[in-house]
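Everything on this sheet refers to the single structure shown next.
What follows is calculated from the coordinates using simple rules that are stated; it is not laboratory data. The shown structure was predicted, so the numbers you read here are calculated from the model rather than taken from an experiment. Glycine gets a Cβ as well: all are built from the backbone with ideal geometry, and neighbour counts include every protein chain shown.
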Amino acid sequence: MIEELLEIFKNKLDDNISKSIKENDKKISEIALNIEVIEEISSHIDNDTQIILKEIIHDLISGLYSGLQALYRNAYISLRSGIELSLAYVYFLDHNYEYLFWKQDKYDVKWAVLENGETGVLNRRYLSLFCEDEFEDLFTLCRKIYRGCSQFVHGKYEYMYTVKHQIVDYNKNTLVEFLDMYYDLTNVVIALLLIRHSNSNLGIDETYKGIIEKNLKKLQLISTLEKIKEYWK
């Protein structure tokens, strides 16, 4: 009995993936390129916290796969982990004490700490140590993504899968909303990495420079773009 149910479920998910890709191929291609950019940047970073970058990429891939299967709540949960870990990566680079405790499961990452405007990552005074941008668009987008994902993570009634969708079925509007947030998240990850490592030559491949320029301009991160372009010459 369970084998038959699993087979039916698998076939349904496979059908959802086919429909999702067929009707949203352009947006998915944009997202795939952004993931490649994140992988490219990460490959040139060599520090102890790099393991977090690998986990972020895993969350992104898991989230996309779940979203294409129409497992939308699972997909948003992966995205929330991705946004948290992205800020945690930056935070731990300059808070080694907390990082060492975190590795031993003696410190918990808290969003309230990461997004704190005075002592966290979403703090203009802190990020200005690396680039002279205003960062407001970046900060707003980070908080918007986290808030949106949290609606699903916390199991609010209207966001529960059985209430919002009834069945595990492909829904174009729902997927479009998810892919838009997913794309924004990849832009945030790229921006955070480039801001924090703007003083390093990351050896970015020529293939990805246009994508990076487009993403940073979208977030009004002109100073960041100018700094990293110095290493492109």
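Once the Cα atoms of helix 72-93 and of the chain are each reduced to a long axis, what angle between those two axes, in degrees from 0 to 90 to the nearest 10, is obtained? For helix 72-93, the angle is close to 20 degrees. In terms of Cα atoms, the Rg and Dmax of region 20-85 work out to 12.8, 41 Å. Applied to region 38-55, the Karplus parametrisation 6.51 cos²θ - 1.76 cosθ + 1.60 on θ = phi - 60° returns per-residue 3J(HN,Hα) values of 4, 5, 5, 4, 4, 5, 9, 9, 10, 8, 5, 7, 4, 4, 5, 5, 5, 5 Hz, with x for Gly and Pro.
Suppose a student asked you for the relative contact order of region 2-232, using Cα pairs under 8 Å spaced at least 6 residues apart; what percent would you report?
On the way: 247 pairs, mean separation 63.3, N = 231.
The normalised contact order for region 2-232 reaches 27 percent.
Between the helical axis of 136-153 and the longest alpha-carbon principal axis of the chain there is an angle of about 30 degrees. Its residues counted as N, the chain yields a C-alpha radius of gyration over 2.2 N^0.38 Å of 1.07.
Using only helices, what value at 222 nm comes out for the chain when you add -39,500 (n - 2.57) per DSSP H run of length 4 or more and divide by the total residues, to the nearest 500 deg cm²/dmol? Don't skip to the end; give the middle numbers.
On the way: 12 runs with 166 residues, N = 233.
Value at 222 nm, helices only: -23000 deg cm²/dmol.
Toward the positive end of the charge dipole of the chain, with +1 on the Cβ of Lys and Arg and -1 on the Cβ of Asp and Glu, the farthest Cα among 81, 200, 61 is that of 81. Computed from phi, the 3J(HN,Hα) profile of region 13-25 under the Karplus parametrisation 6.51, -1.76, 1.60 (θ = phi - 60°) reads 5, 4, 5, 4, 4, 4, 5, 4, 5, 4, 9, 9, 5 Hz, with x in place of Gly and Pro. Taking the Cα centre of region 2-232 as origin and assigning +1 to Lys and Arg Cβ atoms and -1 to Asp and Glu Cβ atoms, the resulting dipole is close to 540 debye.
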